[in-house]
Amino acid sequence: MIDLKDFEYKELEEYIQSLGEKKFRAEQIFSWLHKGVQSYAEMTNLPKTLREKLEKETYVSTLKIREKYVSKLDGTVKYLFELPDGNCIESVVMRYHHGLTICISSQVGCRMGCRFCASTIGGLYRSLTAGEILNQVIFASKDVGERISNIVMMGIGEPLDNYDNVIKFLHNVNHEKGICIGYRHITLSSCGIADNINRLADENLPITLTISLHAPNDEVRDTIMPINRKYNISALLDACGYYAKKTGRRISFEYSLISGVNDSTAHAEELAKLVKGLHAHVNLIPVNKVEERSFKKGSREEIDAFRDKLTSLGINATVRRELGADIQASCGQLRKKVL
Ligand code: SAH
């Protein structure tokens, strides 16, 4: 059975025409799917004969809300969604002054093995389909009853390890006949699969790329992020430079501050030198405690001192504000608990 949300718009048109139907039916179906209908019966402007044809070969995929938590502190909503095969993923809806942002997952689990990350414990189960990635936006938006205007691909999984489905998803979520979220309102976070960053640069999608850097040199990065042994910092920054040049978009870097591992003054100086040429923004994240891991965050003073050092060296750096602190909003933790 085919999930119609796995088709790109053009492919959907072709499919509908292959059923002997007019092309404009694809537009109607696409738009219904993006509104979050759960069956063909809800697509009331389609002839019954077409609905019957669709039911023979295809289905309307949905996501079940298995658990939902709303932060009393800031209104952040965390979902544990259940996929049709019983696997679970997490998505988080955050309220900012400019609207709602959703943080979505791209895989069930992850095989990147970053030492501080909860999502990679247990490895990769499977990648999400384009439809499953999109469904997080559709059904979270339906549940909160509001439009979601921004997307960050920073949930469970490595988006560039699920390249084709992520690209398909990006095309569909941006499409004017559907949810239509502008590329400039979409951020993709990667641990640094340099070859696919180069590929992404050639796709001509002006999304924001943010890189999980977390270390100022290969020595430290090798010990906390296994991907660095395949693509070292130099290869990664070359790809970032290419991305910035091709898209005209500024890259940003995430840097989780881990006490005693990557947070000294010397590390700050090294980091500043590294990213200076890219005019990048550095997002500092005090490392979140993960039960199975021994990493600790530094004190507020140490974190601020690291930021101030970067700032004094001409680097645009901020410490990420924590949202949903009371509901374990950081990804990977909820799914792990249920597993
Ligand atoms: N695979 C992608 C996106 C998922 S993780 C990536 O690596 O970018 C989203 C961000 O949270 C990444 O920067 C990741 O390194 C960071 N992260 C993971 N575990 C963390 C923890 N325990 N504390 C702080 N940040 C963490």
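The values are calculated or read from the model by the stated rules, or taken from the named source; none is laboratory data. Owing to the predicted nature of the structure, the values given are computational and were not obtained by experimental measurement. Methodologically, a virtual Cβ is constructed for each residue, glycine included, from the backbone with ideal geometry; neighbour enumeration extends over all protein chains shown. To get the accessible areas, we keep the full protein, side chains included, count just its heavy atoms, and leave off ligands, DNA and RNA. Shrake-Rupley method; radii C 1.70, N 1.55, O 1.52, S 1.80 Å.
Just the number, please: Stokes-Einstein D of the stretch 155-293 in µm²/s, Kirkwood Rh from C-alpha pairs, 4 °C, 1.567 mPa s.
Rounded to a whole number, D works out at 82 µm²/s.
List, in the order given, every pair from 5/336; 64/245; 56/336 whose Cα-Cα distance in the structure shown is over 30 Å.
Beyond 30 Å: 64/245; 56/336.
Probe of 1.4 angstrom, ligands and nucleic acids ignored: what's the accessible area per residue over the chain, in square angstrom?
44
Against the globular-protein guess of 2.2 N^0.38 Å, express the Cα radius of gyration of the stretch 33-156 as a ratio, rounded to two decimals.
Working it through for the stretch 33-156, the quotient is 1.19.
Report in % the part of the accessible area of the chain that belongs to carbon and sulfur, leaving out ligands and nucleic acids; probe 1.4 Å.
49
When you count, for each residue, the other Cβ atoms within 10 Å and take the mean per peptide, how do 298-310, 180-192 rank with the highest first?
In descending order of packing, they fall as 180-192, 298-310.
Aspartates and glutamates near residue 296 by alpha-carbon distance under 18 Å, same-chain residues fewer than 8 away left out - which ones?
Filter leaves 254, 263, 304, 322.
Have a look at 34, 76, 172 and report the one farthest towards the positive end of the charge dipole of the chain, computed about the Cα centre with Cβ charges (Lys/Arg +1, Asp/Glu -1).
Farthest along the dipole direction, towards plus: 76.
For residue 317, enumerate residues with amide H under 5 Å from its amide H, sequence gap 5+ or separate chain, H modeled in the peptide plane.
Long-range HN contacts for residue 317: 282.
Can you give the % of DSSP beta bridges in the chain that are antiparallel, to the nearest 5?
45
Would you give the gap between the C-alpha center of the stretch 73-96 and the C-alpha center of the stretch 125-153, rounded to a whole Å?
The two parts, judged by their Cα centres, are 9 Å apart.
Please compute the modelled spin-label separation between residue 48 and residue 164, points set 7 Å along Cα→Cβ, answer in nm with one decimal.
3.9
Roughly what would the spin-label model give for residue 70 and residue 35, points 7 Å off Cα along C-beta, in nm?
2.5
Which of rounded, prolate or oblate describes the chain when judged by the alpha-carbon gyration tensor and an a/c cut-off of 1.5?
prolate
Please compute the modelled spin-label separation between residue 149 and residue 311, points set 7 Å along Cα→Cβ, answer in nm with one decimal.
Roughly 2.7 nm, to one decimal.
Put +1 on the Cβ of each Lys and Arg and -1 on the Cβ of each Asp and Glu in the chain; which of 182, 123, 255 then has its Cα farthest toward the positive end of the dipole?
Checked the options; the winner is 182.
Quick check for you: which residues of the stretch 240-265 have the amide N under 11 Å from the point 7 Å beyond the Cα of residue 293 toward its beta carbon?
256-259
Rounding to the nearest 20 debye, state how big the charge dipole of the stretch 1-124 is about its Cα centre with +1 on each Lys and Arg Cβ and -1 on each Asp and Glu Cβ.
Dipole of the stretch 1-124, to the nearest 20 debye: 380 debye.
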